[in-house]
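Each remark here refers to the structure printed beneath this line.
Derivation of every value follows stated rules applied to the coordinates shown; laboratory data play no part. Being a predicted model, the structure only gives us computed values, none of them experimental. Note that each Cβ is placed from the backbone with ideal geometry, even for glycine, and that neighbours are counted across all protein chains shown.
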């Protein structure tokens, strides 16, 4: 439905014809994607600051293999090579930021290949995938290399540079609670890009202000954490507090960059609330009752699966139509 | 400060600064006028004159045919050159009367212009207002060109409480209503009073978007001593001027699907219509001129003009210095809902509100990609539809599902297509699907009958 045709005006110049509207917001898919890339840079910087330059290599490998996989598959399928839209770069960056420090480069590459190939391209590429490709890659690594992916080291300048527990694992398995302020700055054990709440909020804030990420999803997730996490905490003071939930692990990173992935989240406003609340419910359940210390990844993947259903049941009521 | 508005909508660049400071100018009579018989919604007018007939300025040349129709008058004194198919800014060719200026032969006098007797606005009767508006051939200036007297003759049993004058002018670029409010505030209020009188209503509201501070100040002054008339300042947002959105913003009421504003006790008239009503009743003028904004970066000298109906687009464009080298698209109406022109011989009509000439830069198209499922189109749809879903259904020709999801409710404002980052022609697909669904409904009805 290319609506532009060209006709001859009476003065000999050519006039364009198309149906209205004749103006466009100038937003493009490319711009949306590169804005997300830009928003992830603070997290890349915090990863390097807290865990050293090797991490830049991990992130670079993740990006190169994500982009390469997408280009290769598009080449095999004789489709236009569309890697410049930036979406594969995002997948690579996201995956590179959610693996533990000093993670194997080979494993990283495998995660990227799997995430893009199985998480995105088999569905038809950008716009058609059901699950967040970076999380699909991460889930694959979790299943294939369960030990490597849960081996954490403290930030490089910390005294104890050998493997250590993340705040969530410390709480779950040893009953040791971590104070909230180091969680905000980021000098705690954890995945590369997730440990600094400041960096995440900087990038996430940029996405919210520009409207690239819909505010409803992180808002719903925060509300959900206070609702569900708070309820459990009130019932059992040994359970983590909602504020701890909020700043520990990958909650903020997931809320800002993973759950807000346009393609794999609902399209309706109401649906976004349902989706965000659902993620938080699953997250709290996994963290408190599950066998794993962290549940953001599975909570988001789980809710990804419900998106078509959520869209169907949260259609907005048409303006002026009597409520049934 | 937060101004009243409706949920949804978009905010395109306003671009009003190109022409908002240009006072109305009266364009001289053109070399020829083409007067379409269909310048309004409803049945086209029936010609009353034949080829070679001499007609006077203001003379009725075609009469209203049926209730929803309007007469057309000759804007110049001249000779009927032809009656037949001519270019029309809708993009189709339509029947029109072509008149060339009168050239007196020896001993012949030009006929005197026809005018209607002025009426006293203080004492004029309801009947006289209605018949004058009908006789003068006034049509709605907001875009749809609905015959105005029909709206002043509501069906029995409908209680009308409020008349809203639409001064939103939410289409980017256009500044016609803005100039009216700056230059003729008292006439607008007098016109509003006539509308209120005709409808037996005691409450009038003038809705103006907040990006027209001069208009707001000017109208505030004009209504300062007026009982029952107030100004409602609205957030600048497209499509604030759509009837349903305006009512929602002004008094919070929701017009049911498929119903008129009458249903919630409201009649809306455009600012330009109010001045036309004033001119017809108080000055005895008939609808032979159009007030419009000629603007855009593709025209040399943007202007606000009063132009004789029937003047060709090319003559108006020439009067404004002509097209620039990078002019790419000539739109009649606003850029969000107007019609791109392929033939600049098409004439100006009574309800033509503007000519917007866009440059190559303005209309540059971005690459279309797959839907990103971002939901922006759903967020901005003022009627709370799901454009992405409906466009897809239209593309797949799944008309029953599209109908169930309300495709016929779409008013084609284009907010969805404007906002879509994937550059999918959403409203265009919806428009196509809507037409097909309505066709299906019609054939269903005729086969049931």
Looking only at B:290, B:62, B:217, which one moves most when chain B is put into a Gaussian network model with springs between Cα atoms under 10 Å? B:217
With -39,500 (n - 2.57) per DSSP H segment of 4 or more residues and division by the full residue count of chain A, the 222 nm estimate, nearest 500 deg cm²/dmol, is -16000 deg cm²/dmol
Angle, helix B:271-282 long axis vs. longest principal axis of chain B, Cα atoms, 0 to 90°, nearest 10? 20
From the C-alpha coordinates alone, can you work out the Kirkwood hydrodynamic radius of the stretch B:373-449, in Å? 12.4
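Quantify how much of the Cα-Cα distance distribution of the stretch B:195-354 extends past 29 Å, in percent.
Details: 3899 of 12720 pairs.
Cα-Cα pairs in the stretch B:195-354 separated by more than 29 Å: 31 percent.
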Using a 10 Å cut-off on Cβ to Cβ distances, tally the other chain neighbours for every residue of A:309-321 and report the average as a whole number. 6
Neighbouring Cβ atoms within 10 Å as the yardstick, rank B:388, B:115, A:106 fewest first. A:106, B:115, B:388
Please report, in Å, the Rg and the Dmax of the stretch A:1-142, where both are computed over Cα atoms only. 19.8, 69
Helix B:426-448: angle to the longest alpha-carbon principal axis of chain B, degrees 0 to 90, nearest 10? 80
Sorting A:215, A:152 on the 10 Å Cβ count, fewest up front, what's the list? A:215, A:152
Need one number: the % of Cα-Cα pairs in the stretch B:27-154 sitting beyond the 21 Å mark. 45
Averaged over A:255-268, how many beta carbons belonging to a partner chain fall within 10 Å of each residue's beta carbon? 3
Scaled radius of gyration (Cα, divided by 2.2 N^0.38 Å) that the stretch B:114-232 gives: 1.08
Sites residue B:448 and residue B:52 - FRET efficiency at Förster radius 60 Å, r taken between beta-carbons, to 0.05: 0.75
Treating each Cα of chain B as an identical point scatterer and ignoring solvent, apply the Debye formula and state log10 I(q)/I(0) at q = 0.07 Å⁻¹. -0.35
With T = 25 °C, eta = 0.890 mPa s and Kirkwood Rh from C-alpha pairs, the Stokes-Einstein D of the stretch B:312-400 in µm²/s is about 153
Which order do the peptides A:135-144, A:231-240 take when ranked by the mean count of other beta-carbon atoms within 10 Å per residue, highest first? A:135-144, A:231-240
Quick calc, residue A:81 & residue A:31: beta-carbon distance into FRET formula, R0 30 Å, rounding 0.05, result 0.95
Roughly how tilted is helix B:213-223, in degrees to the nearest 10 and between 0 and 90, from the longest Cα axis of chain B? 60
Restricting things to alpha carbons, tell me how big the stretch B:1-49 is in terms of Rg and Dmax, in Å. 19.8, 57
Computed, not fitted: 222 nm per-residue ellipticity of chain B from DSSP H runs ≥ 4 (each -39500 (n - 2.57)), nearest 500, equal to -8000 deg cm²/dmol
How many times 2.2 N^0.38 Å is the alpha carbon radius of gyration of chain A? 1.09
Please report how far the C-alpha centroid of the stretch B:232-255 lies from that of the stretch B:76-129, rounded to the nearest whole angstrom. 36
In 10 Å bins starting at 0, how do the alpha-carbon pair distances of the stretch A:59-107 split up by percent? 28, 48, 21, 4
Comparing A:120, A:79, A:30, which has the greatest mean-square fluctuation in the GNM of chain A with Cα pairs linked when under 10 Å apart? A:79
Calculated FRET efficiency, residue B:210 and residue A:151, Cβ-Cβ r, R0 41 Å, to nearest 0.05? 0.10
With Rg from the Cα atoms and Rh as the Kirkwood inverse mean 1/r over Cα pairs, the protein assembly as shown has an Rg/Rh of 1.08
List B:18, B:260 from most exposed to least, where exposure is judged by having the fewest other Cβ atoms within 10 Å. B:260, B:18
Max mean-square fluctuation residue, GNM over chain B, Cα-Cα springs under 10 Å, options B:352, B:77, B:289: B:77
Let me know the whole percent of all Cα-Cα pairs from the stretch A:232-283 that are separated by more than 13 Å. 64
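Averaged across B:250-263, how many Cβ atoms of other chains sit within 10 Å of each residue's Cβ atom? Intermediate results must be reported in sequence, preceding the final value.
Values: counts 0, 0, 0, 1, 3, 2, 4, 5, 2, 1, 0, 0, 0, 1.
Across the residues of B:250-263, the mean count of other-chain Cβ atoms within 10 Å is 1.
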Fully extended, how many nm does the chain gain between residue B:436 and residue B:345 (0.36 nm per residue separation, minus their Cα-Cα distance)? 29.7 nm
